[in-house]
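Enquirer: My questions all concern the structure below.
The values are calculated or read from the model by the stated rules, or taken from the named source; none is laboratory data. Predicted, not measured: the structure shown is a model, and the values here were computed from it. Cβ: placed from backbone, ideal geometry, glycine included. Neighbour counts: every protein chain shown.
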Amino acid sequence: MKCNEFVELVTAYLEDQLPADQRSEFEEHLSLCPGCERYLVQFRTTISLLGQLPEESITGPARTHLLDAFAEWGSGGAADVSDP
Amino acid sequence: MASGTRPGSEDPPDDTRAPGSTPFAESELVERLRAGDETAFSELVERLHPAMVRLALTRVRSRAVAEEVAQDAWLGLLRGIETFEGRSSLRSWLFRIVTNRAISTGLKERAHLPVEDGELEHRDGRFSQDGWWVTPPTHWADEVIDRITAPALAGRVHEAIAELPPGQRAVVTLRDVEGLTSAEVCAILDISEGNQRVLLHRARTRIRAALEQEVIP
Ligand SMILES: [Zn+2]
C-alpha cells in the first residue's frame, strides 16, 4: 500500500469497514510511514474538532414564531400557523 | 492527542461518534411535548433548529427558504407527535422531515443538487508519481484542539463545511457535527452505507486540508 492509497481508506478504517487483508496492509503501512501516521492523527483531530464546534443559536424571529406556533397548538388550534 | 492515540497499536477504530452528543431522554420528552410543555419544546428548538437549517441549506438555495423549511418541520413535528411511535429517534425523525421538505421545496425552486464531484484534494501534488508523500503532513501541536474554541478557527471550519458540495455537507454535519450514527444518517438522507462513507470521507478530507492551511500558514 502506498500513501495515496492509504489516505483514501482512512474513514473506512475508522469505521471498521476494511476487509481483514486490507486492514492489515493499512496497519502495516501505518507502522512504517510517519507521514501517514501523522495524517491519521490529523484526521482524528479533525473529526474531534467537528464534534466540538460551538453551537450556533436560533434567530430571535424564528424562536418567537415557533413558540407562538407551539402555544397555538397547545391551545387546541391548528398547528399549521403560518406567517401573516 | 499525539501521545494518546498511537495508531496501529491495539486501540480499536472508534466509531467516530462526536463526543458530547448525549441521547435525549426521549420517551419523557415526547410525553412532555404531548402535554404541551413549552419548556420542553423550547429546549428542543434551541438545540436542534440551527442544525435543521443547515441541513435544509444542502437542498435549497437561500437561508431564508431553509429557515422556512426548518420551521415547517417543527410544525410537522407538532402535528405528528401524537402518533410518533419512536421507531427512530425524535432527532432522526425531525431531520428526516427537514430532508423531505427541503427536497420538495428545492425541486420547486429548481435548485438541483450539483452532481457530486469525484475530485479529491489529494491529486494536487501531495504525492509523487509512485504514490508516496512529497510533502508529508507535519505534526499539529496540541493547541490546535484548544484553538477550536477560538472564534477564528471555528469560523474557518464552518467556512470549510459551507464550501463542501451539498451531499458531503449534509453527511458531515449529521455524522461529525451532530454525532448521529451512520445508520441514522443513511435513513435520513436515503443513501446507502457505502455512499455515506464516501461522502463522509471526502468531506473530512477537505476539512482536514482546510485546517492544515490554517495551522501551517
Ligand atoms: Zn504513507
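Enquirer: Among the candidates B:THR22, B:THR16, B:THR5, single out the residue that is modelled with pLDDT under 90, within 30 Å of A:LEU32 (Cα to Cα) and either within 19 Å of the chain's Cα centre (by Cα) or assigned to a helix (DSSP H, G or I) (or both).
Expert: The match here is B:THR16.
Enquirer: Every residue in the range B:160-217 that is under 22 Å from B:LEU44 (Cα atoms), in contact (Cβ under 8 Å) with a residue 40 or more places away in the chain, out of contact with any Gly (no Cβ under 9 Å at 6 or more places or on another chain) and more than 10 Å from every other protein chain (Cβ to nearest Cβ), please.
Expert: Once the filter is applied, which keeps residues that are under 22 Å from B:LEU44 (Cα atoms), in contact (Cβ under 8 Å) with a residue 40 or more places away in the chain, out of contact with any Gly (no Cβ under 9 Å at 6 or more places or on another chain) and more than 10 Å from every other protein chain (Cβ to nearest Cβ), the range B:160-217 yields B:ALA170, B:LEU174, B:LEU180, B:THR181, B:GLU184, B:ALA187, B:ILE188.
Enquirer: Within the range A:35-70, can you find the residues that are loosely packed, with under 15 Cβ neighbours inside 10 Å, more than 7 Å from every other protein chain (Cβ to nearest Cβ) and in a helix (DSSP H, G or I)?
Expert: A:GLY60, A:PRO61, A:THR64, A:ASP68
Enquirer: Give the number of residues within the range A:34-60 that are away from the ligand (no atom under 12 Å from the Cβ) and either farther than 30 Å from B:LEU44 by Cα or not small (Gly, Ala, Ser) (or both).
Expert: Total meeting the criteria: 16.
Enquirer: For residues in the range A:1-33 being more than 7 Å from chain B (Cβ to nearest Cβ), part of a helix (DSSP H, G or I) and within 9 Å of the ligand (Cβ to nearest atom), which is surrounded by the most Cβ atoms within 10 Å (Cβ to Cβ)?
Expert: A:PHE6
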